[in-house]
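Q: This is the structure, below, for whatever I ask next.
Just so it is clear, none of the values below were taken in a lab; they were calculated from the coordinates. All values reported here derive from a predicted model rather than from experimental measurement. FYI the Cβ positions are ideal-geometry reconstructions off the backbone, even for glycines, and counts take in every protein chain you see.
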Amino acid sequence: MIHPPYRTTALLALLALLGCSENNGSVPWGDRGGSVGGDNGGEANSGETGSDEGAPGTAGNVTVSPDLNLIENDPCFVSAETPEEFDDSLATIVFHVQCDPNSVDLTVGQVVVGETDGGYLRRIESLEIQDSRIVTQTSLVSLAEVLQNTRITETLPLDTGARTTLNFDDTTLYADDDFFVKLKRGNLEFDPDMFIDWEFDALDLTYGHLQIDLDMEVDMELFLRSNNGMQFSHMLPLGQLSYPFTFAAGPVPVVGELKVELQAGFWTMAPGAVDVTAGSQGGGKVRTGAIYHEESGWTNLSEIDWATEAGEFDVEVVTDWNGKLRIRAQGSVSLYKTLTGTARAEPYIRGHAEAACEDLNYDFHAGLDTRFLAKYQILKKWGVERHFPVKKWEVPLYENSIPWPWTTEAGCGQTSVTCGETVSYNTTSIGSTSQLENYSCGSLPFDGSEYVYWFNAASDVPVQVEAHLNYDNAIWDDESFMEVGRKLFVLEDHGEGPDANSCISWSTGADTSFVATAGTSYWLAVDSAAGDGGTYDLTVSCAPVVEDCGNELDDDADGAVDCSDDDCDDDSNCNVDNGDDDDDDDNPGDTFAPGGTIACGDSLTDNTALSPLTTDAIDAYTCNVGNYSGPELAWQWTATTSGPVVFSLQNAHPTEVNHDLMVLHGSDPAQPPGDQCVAWGLNEVEFEATAGQVYTLVADGYDGDSGPVEVTLDCTP
């Protein structure tokens with residue numbers, strides 16, 4: 001048996017939220033048992049430790065390496081000093097002894113193990129005697145190099161005899177004169193068990209099964225009140241806790257620690273005043289875990305028997321509201337101070353409410369986001385590592401539409417606009433909506449409220465439409481790291497109302513233009529990002545279309561194309577001595593292509609103003625909003641593993657040379673490169689790479705900027 005004492009904490013159960021996608025090979029609910037044996041895959045034996053406990057060799061049915069030194073059993077041993085944490089680099093351990101240090105049996109090549117000062121399992125690479133101290137330099141070693149031809153199986157009830165309760169009721173998350181957010185109720189109750197089954201042959205770990213069963217209840221309620229429109233997000237630390245645990249595998253102490261950081265946070269956006277209360281209660285059984293097999297790899301375990309019901313609910317909005325409450329548990333598990341896994345679990349409530357002309361619509365959901373990294377350097381000789389993908393579980397809480405008793409004669413405001421007209425309104429006033437968000441011609445999600453106008457040029461020929469939007473100063477958006485404000489989007493009408501996917505033009509600044517085709521109707525949507533709703537003036541002017549002399553189209557519908565049109569007689573691209581001919585002597589723009597390759601760990605230096613590898617083919621990207629008229633440098637990278645990757649600028653000075661970073665995904669030659677953007681950042685961008693996928697990493701000059709640039713690629717952030 002694996003004998004007590006073992007010490008742990010029920011907070012380890014928070015990691016049980018980090019589940020996988022299947023249930024395969026798990027232990028039935030409530031099973032108990034445990035043993036240590038040496039039959040290498042057969043039925044586990046009782047494994048009582050023999051009388052020679054502490055000596056290298058075989059202890060009962062547990063076989064240990066002859067290199068093992070249980071230094072803390074030596075009568076000369078007093079204490080050990082170890083670093084804050086271990087990894088795969090050399091680290092110093094200082095042993096204090098109470099007798100002649102030369103008489104202590106410590107030699108280079110031995111594996112020392114102990115539970116003092118948080119535990120250690122390391123191989124001695126060198127040692128030096130200093131008075132009553134023995135100073136050693138040590139390297140990483142795994143349990144597979146210590147325990148041989150051995151199987152350990154055990155169920156550990158992590159509770160203390162009663163359900164563990166964490167209470168964060170009435171915790172204020174943020175407060176000022178106009179804005180107040182509180183976690184009105186925050187209760188977690190759980191009763192966990194953990195099952196382990198590790199099997200080692202003579203060389204390495206061949207089988208590893210870790211499973212956590214959790215009987216759990218969650219009760220959370222958000223209260224939010226704002227007197228003004230805003231978009232805001234905030235995380236509040238609730239505390240950082242540290243819990244050690246130990247158990248014995250024969251003579252070998254297995255020592256670990258769980259560190260948990262608890263946070264509560266929210267995200268909210270509303271163009272006007274809002275008052276929201278929303279809660280939920282849930283409970284049931286959750287099982288998570290994974291089986292590692294030397295031949296077949298990983299099998300993910302997950303089984304949930306869960307029920308959720310709605311709690312208190314009330315919402316009052318002037319226009320619309322979007323928001324989310326979350327409780328985050330960020331944990332790290334270590335064995336012998338060596339990181340074995342990192343995990344994050346976020347139970348949440350999210351909601352949306354919209355005051356339309358006809359009624360008040362709302363819907364709220366309860367859910368859970370999880371992510372997990374397993375890093376088994378300390379268990380397996382050559383180490384195995386696995387990033388488990390983000391998993392989302394969600395169910396609806398409240399959904400309804402309530403008739404709205406409008407009394408104003410203004411109704412929904414003006415709904416159409418014509419050539420030569422100026423209209424003034426407010427995106428947060430009656431008639432605004434929040435239905436349009438991800439426009440096909442934009443980049444950032446415009447998830448604020450919008451007001452939409454119907455437009456028809458009423459002309460027999462195409463006309464050039466110029467639209468000018470005037471509004472107050474923009475605000476800074478913490479998520480996109482840029483200034484955003486109200487923008488105008490032009491949507492072609494296909495008979496089914498405004499559709500963000502039919503966008504043909506939009507205002508990167510205050511102005512936009514498009515050619516209105518005779519007989520076609522359009523929607524002009526004044527939308528807002530980052531909660532920057534408010535007043536605006538929209539001016540629409542129309543003029544006859546002027547022929548484009550190099551696009552092979554009859555732009556002004558007069559029957560003449562390009563240089564054959566009289567409008568092009570004086571165009572530099574046309575032969576003015578023969579107005580009917582198009583000599584096609586215009587200068588084509590640059591063709592975008594990566595100038596080189598980059599690899600994990602590389603740091604590359606170049607200059608977008610001088611490098612022959614520079615192109616100037618991309619001026620805009622679909623993943624953000626900005627003018628990238630400056631030249632760009634690009635490098636191609638093929639991901640070798642899956643997981644987070646950071647592409648960053650080094651020694652950036654944006655006030656001197658302003659470069660931004662983009663990540664392009666895909667290689668469709670028919671698709672513009674800027675449309676293949678999947679992530680971006682100012683001085684760095686982090687994205688999830690997929691093994692085997694080819695990415696193009698770009699440094700582009702913002703607003704025409706160019707100059708020196710240094711980039712690095714970190715594949716193990």
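Q: Using the count of nearby Cβ atoms within 10 Å as a rough guide to exposure, how do 608, 638, 591 rank from fewest to most?
A: Ranking 608, 638, 591 by Cβ neighbours within 10 Å, fewest first, gives 591, 638, 608.
Q: Cut-off is 10 Å between beta-carbons; in what order do 660, 105 appear when sorted fewest neighbours first?
A: Ascending Cβ contact count within 10 Å gives the list 105, 660.
Q: Convert each backbone phi in segment 699-716 into a coupling constant with the Karplus relation 6.51 cos²θ - 1.76 cosθ + 1.60 (shift: θ = phi - 60°), then list the ³J(HN,Hα) values in order as whole Hz, x for Gly and Pro.
A: Rounded to whole hertz, the list is 10, 10, x, 7, 6, x, 5, 7, x, x, 8, 10, 10, 9, 10, 10, 8, 10.
Q: While we're looking at this one, here's another question. Okay, which of segment 345-384 sit inside 16 Å, backbone N to the point 7 Å along the Cα-Cβ direction of residue 293?
A: none
Q: Which stretch or stretches of segment 681-706 have amide N atoms under 17 Å from the point lying 7 Å from residue 392's Cα along the Cα→Cβ direction?
A: Correct set: 688.
Q: Something else: How high is the relative contact order of segment 596-714? Use alpha-carbon pairs under 8 Å, at least six apart in sequence, and give a whole percent.
A: Once divided by the residue count of segment 596-714, the mean separation gives 42 percent.
Q: Using +1 at the Cβ of each Lys and Arg and -1 at the Cβ of each Asp and Glu in segment 150-403, identify which of 311, 293, 393 lies farthest towards the dipole's positive end.
A: Sorting the options by dipole projection puts first 293.
Q: What's the tally of Lys pairs in segment 150-403 whose alpha-carbon atoms lie under 19 angstrom apart, where the two lysines are 8 or more places apart or on different chains?
A: Total qualifying Lys-Lys pairs in segment 150-403 comes to 12.
Q: Return the FRET efficiency for the residue pair residue 591, residue 541: r is the Cβ-Cβ distance, R0 is 35 Å, and the value is rounded to the nearest 0.05.
A: 0.45
Q: Based on the Cβ-Cβ distance from residue 275 to residue 172, what FRET efficiency comes out when R0 is 22 Å, to the nearest 0.05?
A: Step by step, r from the Cβ atoms, then E = 0.85.
Q: Return the Rg/Rh value of segment 596-714, two decimal places, where both radii are evaluated on C-alpha atoms and Rh is the Kirkwood radius. The partial results should precede the final answer.
A: On the way: Rg = 13.1 Å, Rh = 14.1 Å.
Rounded to two decimals, Rg/Rh equals 0.93.
Q: Here is a further query. Stretch residue 107-residue 240 to full length: gain in nm at 0.36 nm per residue minus the Cα-Cα span?
A: Value of the extension gain: 44.0 nm.
Q: Looking at segment 592-662, I'd like the Rg to Rh ratio, where Rg is from alpha-carbon atoms and Rh is Kirkwood's inverse mean 1/r.
A: 0.95
Q: Over all directions, the average projected area of the alpha-carbon convex hull for segment 273-391 comes to how many nm²? Please report the intermediate quantities before stating the final value.
A: Details: hull surface 41.8 nm².
It is 10.5 nm².
Q: In µm²/s, what is D for segment 150-403 at 25 °C and 0.890 mPa s, where D = kT/(6 pi eta Rh) by Stokes-Einstein and Rh is the Kirkwood radius from Cα pairs?
A: The estimated diffusion coefficient comes to 120 µm²/s.
Q: OK, next. Measure off 7 Å from each Cα along the Cα-to-Cβ vector at residue 225 and residue 180, then give the distance between these two points in nanometres to one decimal.
A: The answer from the label model is 0.4 nm.
Q: Something else: So how far apart, in nm, are the two label points at residue 330 and residue 517 if each is 7 Å from Cα heading toward Cβ?
A: Going by the 7 Å Cα→Cβ label model, 5.2 nm.
Q: Taking amide H positions as placed 1.01 Å from N in the peptide plane, with prolines and chain starts having none, which residues 5 or more places from residue 555, or on another chain, fall under 5 Å of its amide H?
A: For residue 555, the qualifying residues are 548, 562.
Q: Additional query: How much length would be gained if the chain were fully extended between residue 600 and residue 418, taking 0.36 nm per residue of separation minus their Cα-Cα distance, in nm to one decimal?
A: 60.0 nm
Q: Please find the FRET efficiency linking residue 435 to residue 459, where r is the Cβ-Cβ separation and R0 is fixed at 25 Å, and quote it to the nearest 0.05.
A: 0.30
Q: Oh, and also: Compute the length gained on full extension between residue 88 and residue 139: take 0.36 nm times their separation in residues and subtract their Cα-Cα distance, giving the result in nm to one decimal.
A: Additional length available on full extension: 17.7 nm.
Q: With the crude spin-label approximation of a point 7 Å out along Cα→Cβ, what separation in nm comes out for residue 703 versus residue 642?
A: About 4.1 nm, to one decimal.
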